[in-house]
Every structure is written in C-alpha cells, then in structure tokens.
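Notes to accompany the following structure.
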Amino acid sequence: MTVLYDSTRSISEPVSGKEAVLQGISPDGGLFVSDALSQIKIDLETVCKQNYIENAVMILGRLLSGYTEEEIESAVKEAYEGSFASDEITPVVKAGNVFVLELFHGPTSAFKDVALTLLPRLLSRSLKSTGKKALILTATSGDTGKAAMSGFQDVENTAICVFYPHNKVSAMQYKQMASQEGSNVRVFAVNGNFDDAQTMVKKLFLDEELAADLAEDDVVLSSANSINVGRLVPQIVYYFQAYAQLVRNGEISIGDPVSFSVPTGNFGDVLAGYYASVMGLPVKKFYVASNANDVLTEFLQTGTYNRKRPFVQTISPSMDILVSSNLERLLYYITGQDREKTAGWMKELAEKGSYTVDDETLEKLQSLFGCGSFNDEETKEVIRRVYEKTGYTLDPHSAIAYGLAEEAQGPVIALATASPYKFPQDVLDALGKAEEEQSVWEALKTLEEVSGTETPEKLAALQEAPIRHEAVIDPEQMKEETRKAARELFA
Ligand SMILES: *Cc1c(COP(=O)(O)O)cnc(C)c1O
C-alpha cells in the first residue's frame with residue numbers, strides 16, 4: 001500500500017511522502033495528512049526485538065513513500081549513529097511512580113534534535129531528484145535555531161540562515177548559536193525582538209523578486225518547522241521505543257495500555273503519539289501539558305479554542321505558543337477526516353481568533369486526551385518535589401509533563417524534552433540553590449553537584465567555544481543577506 005499525502009482542507013492531487021517533505025505545507029494552506037494512516041499497523045513483537053535505528057527505518061519506511069529503502073536507511077543512520085549520548089537514543093528512566101522518556105540526549109540537548117537530525121537528510125534526498133538546492137530560513141527566539149542549524153550542518157544540497165533577536169536570547173543560547181560550525185550555515189543577530197525577525201522571514205518567503213533571483217541558481221527557500229511531515233514522522237518512533245523499553249524491563253506485557261504526558265507547544269510531539277496509537281500502540285490516554293499559555297487546556301475542557309489572550313513569557317519558553325498548528329491534523333482525524341469542518345474551524349481561527357468544535361468532536365477528544373496547565377510557581381514546585389522525593393532533576397518543560405502525569409492511572413510515561421542543563425539557573429532557583437550573580441557557566445557546575453549528573457559534553461564545551469558568527473543586522477538587511485548567503489553557501 002502506498003501512503004500518499006493530501007491536505008487537511010481540500011481535496012487535491014495527492015503527493016508522495018518524499019514530495020510532501022519537499023513542499024512542507026500544502027498549496028491550499030492546509031497540512032499534509034494521509035488517509036492511509038489507520039491501515040498501517042506496526043507489529044509490537046517486532047518493535048520490542050529491534051533497536052531504535054531498526055524501528056526508525058521500519059516506521060519511516062511505512063510512512064514515507066517515494067524514498068527508496070536505501071535512502072531511508074542511510075538517512076536514519078547518518079542522523080542517529082554516534083550523535084546521541086545514549087545507545088537507546090531516547091532512554092526511559094523511572095522517577096517515583098512515573099516513567100520519564102528522556103528525549104534530550106541529542107547534539108543540542110533538546111528533544112527537537114530527534115526530528116531535526118533526520119529532516120535535513122530526508123529533505124536532501126527529496127531535493128536530489130529535482131536538481132534544486134534548499135536555503136532554510138529560520139527566525140528563532142533561541143532554541144529551535146540551534147537545533148535546526150545543528151541538523152542541517154554540512155547536509156548536501158541544503159544551507160541555513162538563522163535570525164535571532166540581538167541581546168534577547170540567554171547567554172547559553174547566544175553561545176550555542178554564535179559558535180555554530182558548518183560550511184553551509186549563517187547566523188545573524190537582528191536588531192529588534194523575535195517578532196521583528198519572524199515577520200521579516202515570513203515576508204521573505206512571499207517575496208517574488210527574491211524567489212526569482214534565487215531560482216536563477218536553482219535555489220528554493222524552505223523552512224524547517226514542525227508542520228513538515230519530515231519532522232512529525234521521526235517523532236512517532238520514540239513512542240514505540242519507549243513502550244518496548246517498558247516491555248523489555250518487565251514493567252508491562254505486550255498489549256498492556258500505557259499513558260503519555262507531553263509538554264506541548266505546537267502540538268507536534270503529542271500528535272506523533274496519536275499517530276503511534278492509530279498505528280497500533282496501546283495507549284490509554286494522552287495528557288496534553290501546558291504552561292501559563294493554557295489555550296489547549298481550555299480547548300480540551302470546553303471545546304473552544306481562543307487565541308485572543310495575553311501572551312505569557314514563562315520559564316518553559318518552548319511552550320510559549322498561542323496557536324498550536326499541528327492541532328489541525330488531530331481535528332482532521334478525530335472528525336473522521338472531515339475536510340469541510342477542519343477548514344471551517346481554521347478559517348474562523350484566522351478571521352475571528354477563535355472557534356468552537358461540536359459536542360461529538362469534543363467528546364471524542366476528551367475520551368483520549370486529558371489536559372492541565374502549570375504556571376511558573378507550580379512548575380518550580382514540581383521540580384523541587386520530584387527532586388526531594390526521587391533525586392531526579394527535571395527541566396521546566398519536562399516538569400510540567402511530570403506534574404500532569406501524576407494524575408494518570410496505570411503506567412504513565414512523561415516526555416522529558418530538554419536537559420536541565422539547558423536551563424540551569426531556573427532549575428537551581430526551583431531547588432532553592434540559586435546564587436546571586438552566578439553566571440550560567442557557574443550554574444552548570446552547581447547543578448552538577450546538586451543533581452549528581454554531568455553537564456552534556458557539547459554544553460560544557462560552549463564556554464570556551466570560539467565565536468564564529470558576529471553579524472548584527474537590521475530587519476531591512478535580511479533580504480540582502482539571504483541573497484548573499486545563497487550565493488556564497490552554495491558556491
Ligand atoms: C518544542 C518544544 C516543546 C513543544 O513541542 P511541540 O511539538 O511544539 O508541542 C516542548 N519542550 C521543549 C523543550 C521544546 O523545545
């Protein structure tokens with residue numbers, strides 16, 4: 001059976017997985033989904049016998065049509081062999097009554113590495129048959145930019161420009177980005193705030209003059225954001241892999257249902273879990289965990305999605321999101337693949353800033369998805385309580401998932417999406433061990449003593465890492481710098 005991809009919003013000519021990775025978003029503005037999803041069944045016995053890489057090859061092979069077996073296998077191996085600080089890639093540990101799925105052992109110590117090491121390699125293979133090259137533009141408030149650069153570093157047929165707000169990222173985020181290596185990478189500090197950079201990137205994607213210039217050199221602009229199926233599909237793998245680890249450790253038997261608690265922003269991570277459940281993973285419930293930006297908690301409780309609310313800056317910045325794009329895919333599947341309904345709600349969201357789903361849809365959502373939100377004080381309280389009770393140190397994002405997981409009945413797995421070493425000062429503050437005027441590098445040392453673990457190698461090396469990118473530009477210069485980067489990086 002060939003899995004083809006079509007839009008959530010209107011019936012169009014279906015494309016292969018390979019083509020969907022290239023296009024990113026459907027021409028009608030909808031997201032790529034496949035009606036064949038529910039016909040794919042992954043055999044749990046096989047999953048439990050295979051290692052991460054074998055399972056990734058199997059699952060990607062089933063979902064991403066258009067690629068040869070060799071292309072999938074080589075992409076997976078390049079992405080994961082030797083680049084994660086754990087043989088399991090995503091190990092499960094037990095802390096108290098909750099299993100913690102550690103997704104942060106990749107090159108930048110954040111869960112986005114799992115997908116962003118693989119997407120560039122898939123994209124590169126999609127590009128090959130077209131003869132084109134892709135220049136990725138990313139505006140970042142700090143974390144995504146680093147994971148994207150690290151993923152695209154030296155990947156054939158691709159280059160990447162990252163724009164971050166000048167003087168508005170943390171000391172560690174600055175060092176992570178400004179020291180980035182790779183012959184196909186440019187990093188710019190942009191005067192203004194994140195929105196200024198983001199607004200300009202969106203403009204550049206729509207700029208016909210720029211597109212025409214780049215086309216002369218066979219360069220197309222592309223993004224690496226989490227609506228690309230090439231980012232979604234790699235995330236399905238660790239849900240199966242986590243289940244397999246519990247089976248192998250004798251914690252559950254094959255067929256037993258488990259629950260997952262997921263710290264949520266753009267809804268990509270938890271949606272990948274939903275896909276796994278459709279493909280045969282026995283899941284009792286998904287817990288959608290939010291910070292003070294609790295749009296999804298309200299939605300799952302009331303059926304109304306309302307983005308007209310103040311944006312709150314929290315200590316879990318990667319979840320500071322008011323429009324969770326990937327929710328559109330869940331609505332599509334939950335409504336029995338009803339494009340008209342899905343498109344209608346998305347139109348209301350765009351035009352009025354809110355929509356309300358019907359009772360039947362809400363009931364279906366509530367039967368599978370629990371929810372809850374934690375403000376910063378509550379998040380810190382979880383970090384402190386889990387540390388005192390179990391000795392395990394959570395980062396703020398993971399703590400929110402852990403806190404909500406405690407409401408589950410039966411075996412529950414909380415997804416840990418960042419290493420505590422990415423947020424050492426907030427974690428120490430939560431533990432009552434923060435010191436005045438302490439630099440982030442000193443905080444790493446203190447956190448080592450407090451947690452009895454070690455700073456991930458790549459983060460520890462940052463303090464001494466040479467600065468390779470010093471450009472500070474205005475938003476108005478981003479277009480010209482993009483042109484220049486396209487010429488130089490693909491030369
Ligand atoms: C991106 C991110 C999330 C949210 O994941 P989504 O797929 O956007 O829901 C949670 N935690 C961390 C650390 C992240 O970087």
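A few comments on the model shown:
- Being surrounded by fewer than 24 Cβ atoms within 10 Å (Cβ to Cβ), of a type in the set (Ser, Thr, Tyr) and within 14 Å of the ligand (Cβ to nearest atom) is a property that Thr140 has.
- Selection count, the stretch 387-412, where residues are among the aliphatic types (A, V, I, L, M), outside any helix (DSSP H, G or I) and either more than 23 Å from the chain's Cα centre (by Cα) or over 18 Å from Pro424 (Cα atoms) (or both): 2
- Restricting the stretch 143-160 to residues that are farther than 24 Å from Phe104 by Cα and open to solvent by less than 30 Å² (accessible area, probe 1.4 Å), the residue that is nearest to the ligand (Cβ to nearest atom) is Thr158.
- The stretch 387-398 residues that are within 16 Å of Gly432 (Cβ to Cβ), paired with ones that are part of a helix (DSSP H, G or I) and away from the ligand (no atom under 16 Å from the Cβ) (beta carbon under 6 Å, 6 or more apart): Thr393/Tyr387; Thr393/Ser451; Leu394/Val386
- Only residues that are in contact with a Ser or Thr (Cβ under 6 Å, 6 or more places away or on another chain) and open to solvent by less than 20 Å² (accessible area, probe 1.4 Å) were counted across the stretch 225-240, and they come to 1.
- Counted residues, the stretch 429-459 - those being closer than 19 Å to Asn375 by Cβ, assigned to a helix (DSSP H, G or I) and open to solvent by less than 50 Å² (accessible area, probe 1.4 Å): 1
- Every pair of residues 6+ apart whose Cβ atoms lie under 6 Å, when the first sits in the stretch 251-271 and is of a type in the set (Val, Ile, Thr) while the second is more than 16 Å from the ligand (Cβ to nearest atom): Ile252/Leu246; Ile252/Pro411; Ile254/Leu44; Ile254/Val247; Val258/Pro411
- Members of the stretch 292-306 that are within 16 Å of the ligand (Cβ to nearest atom) and of a type in the set (Asp, Glu): Asp294
- Some residue of the stretch 117-136 being open to solvent by less than 10 Å² (accessible area, probe 1.4 Å) and over 15 Å from Val21 (Cα atoms): no
- Unique match (being closer than 30 Å to Cys161 by Cα and either among the aliphatic types (A, V, I, L, M) or in contact with a Lys or Arg (Cβ under 8 Å, 6 or more places away or on another chain) (or both)) among Gln425, Gln463, Gln477: Gln463
- When residues in the stretch 190-224 are screened for being crowded, with 21+ Cβ neighbours inside 10 Å and farther than 26 Å from Ala20 by Cα, 2 of them pass.
- Condition check for Leu459: among the aliphatic types (A, V, I, L, M), within 16 Å of the ligand (Cβ to nearest atom) and under 30 Å from Ser253 (Cβ atoms): no
- Selection from the stretch 373-405 of residues that are of a type in the set (Phe, Trp, Tyr) and closer than 18 Å to Ala292 by Cβ: Phe374, Tyr402
- Residues of the stretch 349-365 that turn out to be open to solvent by 70 Å² or more (accessible area, probe 1.4 Å) and touching a residue at least 24 places away in the same chain (Cβ under 8 Å), as a count: 3
- The helices (runs of 4 or more DSSP H) falling completely within the stretch 143-260 that include 1 or more residues that are touching a strand residue (DSSP E or B) at 6+ places or on another chain (Cβ under 6 Å) map to 143-152, 171-178, 194-206, 229-248.
- Matching residues in the stretch 307-340 - criterion: being away from the ligand (no atom under 16 Å from the Cβ) and surrounded by 18 or more Cβ atoms within 10 Å (Cβ to Cβ): Tyr332, Tyr333, Ile334, Thr335, Arg339
- Take the conditions (1) more than 13 Å from the ligand (Cβ to nearest atom); (2) closer than 27 Å to Gln245 by Cα; (3) of a type in the set (A, V, I, L, M); (4) open to solvent by less than 30 Å² (accessible area, probe 1.4 Å); Met346 misses just one of them, which is (2).
- Residue count, the stretch 366-386 (criterion: assigned to a helix (DSSP H, G or I) and open to solvent by 50 Å² or more (accessible area, probe 1.4 Å)): 7
- The residues in the stretch 431-456 that are within 29 Å of Tyr239 (Cβ to Cβ) and in contact with an Asp or Glu (Cβ under 8 Å, 6 or more places away or on another chain) can be counted, and the count is 2.
The values are calculated or read from the model by the stated rules, or taken from the named source; none is laboratory data. Model, not experiment: these values are computed from the prediction. So basically every Cβ, Gly included, is an ideal-geometry build from the backbone, and we count neighbours across all protein chains shown. Only protein heavy atoms, including side chains, enter the accessible area calculation; ligands, DNA and RNA are left aside. Shrake-Rupley method; radii C 1.70, N 1.55, O 1.52, S 1.80 Å.
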